Every structure is written in structure tokens, then in C-alpha cells.
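Please treat every number below as a calculation from the coordinates, not as lab data. Owing to the predicted nature of the structure, the values given are computational and were not obtained by experimental measurement. Note: ideal-geometry Cβ built from the backbone for every residue, glycine included; neighbour counts use all protein chains shown.
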Amino acid sequence: MHRTILLLSFLSIFLVVTAQRPDTLSYRLPSYEDSIQHTVEKLKKKPLLAAAEVFGLNMMVWGVDYAGGQDFAKINWSTMRNNLRTGFLWDNDNMSTNLFLHPYSGSLSFTSARANGMNFWQSMLFSAGGSLMWEGFMENQPPSTNDFLATTFGGAMVGEMLYHISNSIYDDSRRGASRVLTELAGFVFTPMVEFNRLISGEAFRVKHRPSNDLPQLPPLHLALNWGGYYISERSHLFQGTYGLAFGIKADYGDPFDESNFKPYDWFSFNLELNVGGDQPVLNTANANALLWGTHINLPKNQDVVLGVYQNFNYYDSDPIAVSGSQIKPYEVAETVSFGPGLLYKLNTENKQLHFVVRSITGLVLLGAAYTDHLKLPDRQYNMAQGISVNLDANMIADNIGSFSIKLYNLNLYTWKGYPLNVDYMHRTEEENNYLNTEGDKGHTNFFIITPTATLQLSPALSLVVQQRRFIRLSHYKYYPNTTYATFDSRVTLQFKF
């Protein structure tokens, strides 16, 4: 609960600051293809300082873990040599740690490099380096394959999105309380950028430049949701759990502006939180980002963008306590994923009705899905590789609302299994550290169908009704196949900034 309150407080600070930004939504911006890199290129490249900060981050986290008595932090030369001899294995941490927190951890190293003048691709190397240092030397457990993938590639995705947003927040012309709020909001989203602003004095320096000398920033569409949720156990209407729902959505940039096809000139993300009902606070996280794209010329009122995208999807729940079931309604993740996609937009002649279609596929290098059989103390999911398909169709009526339907399919294959004649629940943690399994051999087909209706109540306020249908088809090599289906619902008010 305390983490929830803290996160919502951070979001409030961000919303207060962004509410003071000039309106970027009411007009079409000129080309802003250099807006982010232009800012970076003005900085002198400081790779040694960035590397020192990544080293310091790892040492600081290790110090906190060691002071807190964490067994994995008790390292010495022997544990380091053992890690190097053992090599990379699949680990057994819970899904939120492996497939959400590690990407955030990687984002700190990534944004440290960004703040010291590195471009997108160069900064990814610092995420990888920080991960290699931690996995090889900072724990007495074997290096983790999944942690390296999630920290390096997931960290680059999270870090670049947060870096773009914080770049939109900072305003060096402000003074007083407004400047303090700006710097605080920047710290919430990119702590390492703010750290570098502090040590360089940039956080305190007031600059006044002519408006025509300021870089053009991409439009940032931001929305905050609050209301209630219901999660059903096996599709029962009156057997489930409910509580408060919160969320934040953002769309950055204009994907149909053909001059803006550098990495992360456009991205969207969605974060949904649950409070109460004995459910994880983090329920849903989705993101798509354009790495490279090209514009296709079509007749009037139509736009098409073909591109290569990076994808992130995360859905988590806990068993429904009132039903007595021990099965999670859903637990699935797509953490490291790249693939081709298409964005299509059609405007009617009077420009009052718009149709937007998004079709993105992904080659999933690291994903996860709930399993009915592997039951370790902190892990009840298979890690896997596979293919994802994300289809999203939206109809938007100006001043009325919108209706959308999203079809998401994640087809995952678990290749590296484990011996079936050992009770892993009763082995020691150290023994399980060397289990080195992706999970139960087989593959999982996961489908999510999401219709969403939005009714505009005022220019800034809307009512949003959403229902998601979850279908899991698990095919095991050594166990009978399993089918599980359920749904959840959210009714929220949405405030746009």
C-alpha cells in the first residue's frame, strides 16, 4: 500500500508540472526529428563518467542489499570465480522482479549514459555492461540469462521512454517553486539525469533563450485514470475480487509525421495499478515504440507507416481468495520483443471521424506465461521465446468519444525443461539456484480480447469502460493440456492533460 501511495504521489507531481507546459496538442508541430538528439549532441560525450556512474549504481544497490542482510549479497573472490566458471543460467525469481523491475534497473544505467552525451545505441551498451557487472560479481548466485536480456533490452526501452518524457519536463527558464517541481518530476522519471544536472549545476542555472531558438518538442498526450476493477475466477460473474483501479497513459510524438522516424520518435505506454482485493499493485504495463519507419503515400485523408517496433507487455494477477482456487487468472509477459508493424489512419472528409489501426508483430526473445505444474517458492511461470501479434482498431468521433477493440496473441515455446523426479519445493534455495530451467517443456497460446468504450463528458474528462477476455491454452510435453479462460473489467474516469 505504501508503494502505491508513493507512486501515485509521483504521478501527481508529474501531472502538476506537465499541466504548466505549453499546449502541444492543438497544432501540428514542425519537424522535430532532432529534438532529442540535438539536446544530447550539445552535451560533451563523457563515457568514463557514465561508466563510473553505472559502477556506482551497482555498488550502491549491493551495499543496501548487504546492509539489509540479503544472503545473495554476501560475495567474495570465491563466489565471483564460481560465477564466471558456471556461466549464465535461467533463474527462479518472481515475475515482477525478473520481467519488470530488471528493465527498470537497466533504465538507470541507460539514462546515465544518455545524460552524458551517448546516443540510443551507445547507451544500450551501458545497460549491458551494468548487467554483466552485477550478474558476474555482485551476487553469490549464478549469472542469469533472463536478467541480462531484460536489463539490457528492456532497460533501453524503459530508459529511452523516460528520457524523452523528462526532456519534455525540464524548463531551465523557470524559477522558484515551479523550478523545484520541475526538477523533482525529472528526478521521479529519470533519477540519473537529475543526478547529472545536480553535479553539473544545470539544475540551478536559469537560462533565457528566444522562443525561436528553443528545440521543437514532440507532442505528449497524457491521461490519468481512476475508478474500480473486477477480476473474475474462471469467468464467474459473481465469484471474483474487486478494488480500486488507477492508471496512466501516454502517447509521445506523431507516428504519421514522415520526418520523424528516428528511434523512439513515437511511442505509447499504458500502466494500470490495482489497490485492494489481494491483487498485485502492478496489474498491467504495455508499450510500443518505433525504432525505424517509413511513410507510404496514399490518397487523401489516409496515412500509413511501416516500421520496426520494440514491444513490451505485462499482465499479472493473484489467485482469487474467495474461490479457494490456487490458479492465477492470468500471468503473462513479453519483455524483450522486436518486429515489423503497420500503423494506418483514415480521416473522414469532415475530419470529425477518424479510424486508426495498429498491427504489430514481435519476435519474442524473452517472454513468460503461467504454468500449472512448475511450483517453486517464488516462481509459477515458464520463461519462453515465441511470436506475438497485436491488432488494435480504433474509431474516434470528435467531441463524442471512441470505441476500440484490441486482439493480442502471445505464442510462447519453452525449450529447456527439468527432471521430473525431483521435488523442487523441498530443495534448498542454493540447490534451486542451479536448476537452470525455462519451465515445463511445451508451448502456451495466450489470447487477450479487449473492447473499450470511451464517452467524452467534457474536453478533459471521459468515462472509460473496458473488459478484457483472457484465454490460455497450455500444451505440455509431459502433462495433460490445460485450457483456462476468465475476464476482468475496469470502469474509470479519465482526465486528459
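When Rg and the Kirkwood Rh are both derived from Cα coordinates, the Rg/Rh ratio for the chain amounts to 0.96.
Between LEU132, TRP292, VAL275, whose Cα lies farthest towards the positive end of the dipole of the chain when Lys and Arg beta carbons carry +1 and Asp and Glu beta carbons carry -1, centred on the Cα centre? The listed residue farthest towards the positive side: TRP292.
For the chain, the membrane-span-like helices by this rule, meaning whole DSSP H stretches whose C-alpha atoms cover at least 15 Å of axis and whose Kyte-Doolittle mean is 0.0 or above, are 2-18, 47-67, 120-137, 155-169, 176-189; this says nothing about an actual membrane. Could you tell me the center-to-center distance, by alpha carbons, between the range 283-358 and the range 443-469 in angstrom? The range 283-358 and the range 443-469 have Cα centres separated by 12 Å. Where only DSSP H runs of four or more residues are counted, the chain gives -8500 deg cm²/dmol as its mean residue ellipticity at 222 nm, each run worth -39500 (n - 2.57). Take every pair of alpha-carbon atoms less than 8 Å apart whose residues are at least six positions apart; their mean separation over the length of the range 367-497 yields a relative contact order of 21 percent. Per-residue Cβ neighbour counts within 10 Å put MET124, MET157, MET192 in the sequence MET124, MET192, MET157, beginning with the fewest.
Let me have the relative contact order for the chain, percent, based on Cα pairs under 8 Å that are six or more residues apart. Numbers along the way, then the final one.
Numbers: 1141 pairs, mean separation 59.7, N = 497.
Relative contact order here is 12 percent.
Of THR428, THR371, how do they rank once you tally other Cβ atoms within 10 Å and put the fewest first? Show your work: numbers first, answer last.
On the way: THR428 7, THR371 24.
Sorted ascending by nearby Cβ count, the order is THR428, THR371.
What's the local net charge at SER112, with K and R +1, D and E -1, over the other residues with C-beta under 14 Å away?
Working: positive: LYS45, LYS46, ARG114, ARG197; negative: GLU53, GLU160, GLU194.
For residues surrounding SER112, the net value is +1.
Projecting the Cα atoms of SER235, HIS354, PHE338 onto the dipole axis of the range 229-365, where Lys and Arg carry +1 and Asp and Glu carry -1 at the beta carbon, places HIS354 farthest toward the positive end. Other residues whose C-beta falls under 15 angstrom from the C-beta of VAL158 contribute a net charge of -2, scoring Lys and Arg +1 and Asp and Glu -1.
Max-minus-min Cα coordinates of the range 221-496 on each principal axis give 67, 40, 29 Å, with the largest extent listed first.
What whole-number distance in Å separates the alpha-carbon centres of the range 75-91 and the range 119-170? After rounding, the separation between the Cα centres reads 20 Å. Of all aspartates and glutamates in the structure, the ones whose alpha carbon falls short of 15 Å from that of LYS74, not counting any fewer than 8 places away in one chain, are ASP65, GLU135, GLU139, GLU429, GLU430.
Note down the net charge around THR361, summing +1 for each Lys or Arg and -1 for each Asp or Glu among other residues with Cβ under 13 Å from its Cβ.
The answer is -1.
Each of ALA73, HIS102, GLN122 was placed along the dipole of the range 57-182 (beta-carbon charges, centred on the mean Cα), and the one lying farthest toward the positive end is GLN122. Using a cutoff of 8 angstrom between alpha carbon atoms and counting only pairs six or more residues apart, the relative contact order for the range 221-496 works out to 15 percent.
The charge dipole of the chain, taken about its Cα centre with unit charges on the Cβ atoms of Lys, Arg (+1), Asp and Glu (-1) only, comes to about 660 debye.
Can you sort LYS328, LYS207 so the residue with the fewest Cβ neighbours within 10 Å comes first?
Details: LYS328 20, LYS207 9.
Least to most surrounded, the residues fall as LYS207, LYS328.
Would you mind getting me the FRET efficiency between LEU298 and HIS475? Use the beta-carbon distance for r and R0 = 51 Å, nearest 0.05.
Numbers: r = 41 Å, r/R0 = 0.81.
Working from the Cβ atoms, E equals 0.80.
Cross-linked pairs LYS328/LYS416; LYS328/LYS441; LYS262/LYS496: Cα-Cα separations exceed 25 Å for LYS262/LYS496.
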